[in-house]
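Nothing in this text is a laboratory measurement; each read-out follows from the coordinates by a stated rule. Note that the coordinates shown come from a computational prediction; the quantities given were computed from them, not determined experimentally. Note: ideal-geometry Cβ built from the backbone for every residue, glycine included; neighbour counts use all protein chains shown.
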Amino acid sequence: MKEFDWRRIGKQALGAILVTSLALALILAKTWRQPSRQVLASFSWEYLGLALCLLILSSGVDAVRVMMVSRAGGERISFLVGLRTVLAGYFIAAVTPFVAGGAPVQAYSLYLGGIPLGKATGIVLVSGFLAQWLLTIMAGIFVFGLKLQVGSTPILQGIIKLGILVYAAGWAAVFYLTWNLDKAAPIVERCLHLLVKMRILSAARAEGAAAKIVAFLTEAAMGFQGVFAEGFYMLLGGLAYLAMFALNFAALPVLMAGLGRDVDYLLVMALQVPVYLLVSVLPTPGGSGGLEGGMAMIMSHMLSGHELGLLVAGWRLLTLYFHLIGGGLGLLALFYPRRGTGGS
């Protein structure tokens, strides 16, 4: 990542904004009524500031989470490195399909913070698994245990239940593969040997590439496995994740309160868990389109039509631009001024 393609990432950001704008335009076109003007005029704008403060605080808690997971891996980083890591990750995740692009940038940020690249990759992988496990467990508790109605129809509710089960099984398989990442070394060596036979690579280059890739895979697997050995800091990291989720999910009911509505905070926060869980499988930038539609679906039982579009639009624009602006600052801190190499 010595050279960062700002032009490409700018196009991806514009793509995310465009998809979100189209989704919100459709929702507003369906929900806008004459009373919507009065609702907008009577909105208590201090609640918007409170929701923004919750998002800022959640970023700080997330930075602490990165510090704790790094400690579990036997490494120490500063709060500023942790904050830079999460903010840069927010931006890239918001503009890439399946919200998956943030991990490499986060690993690079930890590398510049002094953690060896393979180990930094393992730490980021553990963080991703921890987040998905917690969301999956919470979604299972709410949907299966507490019978939370997320889908607007029984068929849709059944699809969501099936999706949660499939998602959990998929992550279990990915975890097994990641835990045994070092066992992929023979496959890499065979592939490089095939390239040599096809005269695409020279034997010397293939040997050098194999040594580097195998060393990286081994280090990443050891870093991934090693984090789980330190249970205390893993526990702190998990608790920090739960606090971060709670702060993020509280932004929506706070905006709802700004409309003058009585809010069941715990219910509205719980309803968001399956949406965030399932939206990560969407191929749109940052889950755009799915997030807007999912939030409109879960809130349609609590709000009048003329309020629904305004709430979803306000919430999504707040979260999207927070991640783009805050994440953009994180990227600038990461790539400008240009730094030397980090860990060994």
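A compact table of results
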| read-out | value |
| --- | --- |
| With 10 Å bins from 0: P(r) over the stretch 1-121, alpha-carbon pairs, percent | 12, 29, 30, 18, 9, 2 |
| Karplus-derived HN-Hα couplings along the stretch 31-38 (A = 6.51, B = -1.76, C = 1.60, θ = phi - 60°), whole Hz, x at Gly and Pro | 10, 5, 9, 4, x, 4, 5, 5 |
| Listed residues Pro253, Pro186, Pro116, most fluctuating in the chain (Gaussian network, C-alpha, under 10 Å) | Pro186 |
| Distant alpha-carbon pairs in the stretch 117-202 (separation over 19 angstrom), percent | 59 percent |
| Mean residue ellipticity (222 nm) of the chain, computed from DSSP H runs ≥ 4 via -39,500 (n - 2.57), nearest 500 | -26000 deg cm²/dmol |
| Of Met138, Tyr176, Trp32, farthest towards positive along the dipole that unit charges on Lys, Arg, Asp, Glu beta carbons give the stretch 31-183 | Trp32 |
| Gyration tensor (alpha-carbon) shape descriptor, the stretch 144-245, a/c threshold 1.5 | oblate |
| Trp32 paired with Arg190, simple spin-label distance in nm, labels 7 Å along Cα-to-beta-carbon | 5.9 nm |
| Packing-based order for 42-55, 215-228, using average beta carbon neighbours within 10 Å, highest first | 215-228, 42-55 |
| Calculated FRET efficiency for the pair Tyr321/Ala209, C-beta based, R₀ 51 Å, to 0.05 | 0.75 |
| Size of electric dipole in the chain: Cβ of Lys, Arg +1 and of Asp, Glu -1, about Cα centre, debye, nearest 20 | 780 debye |
| Contact order relative to length of the chain, as percent, for alpha carbon pairs under 8 angstrom and 6 or more apart | 37 percent |
| Over the stretch 84-152, relative contact order from alpha-carbon pairs under 8 Å, at least 6 apart, % | 20 percent |
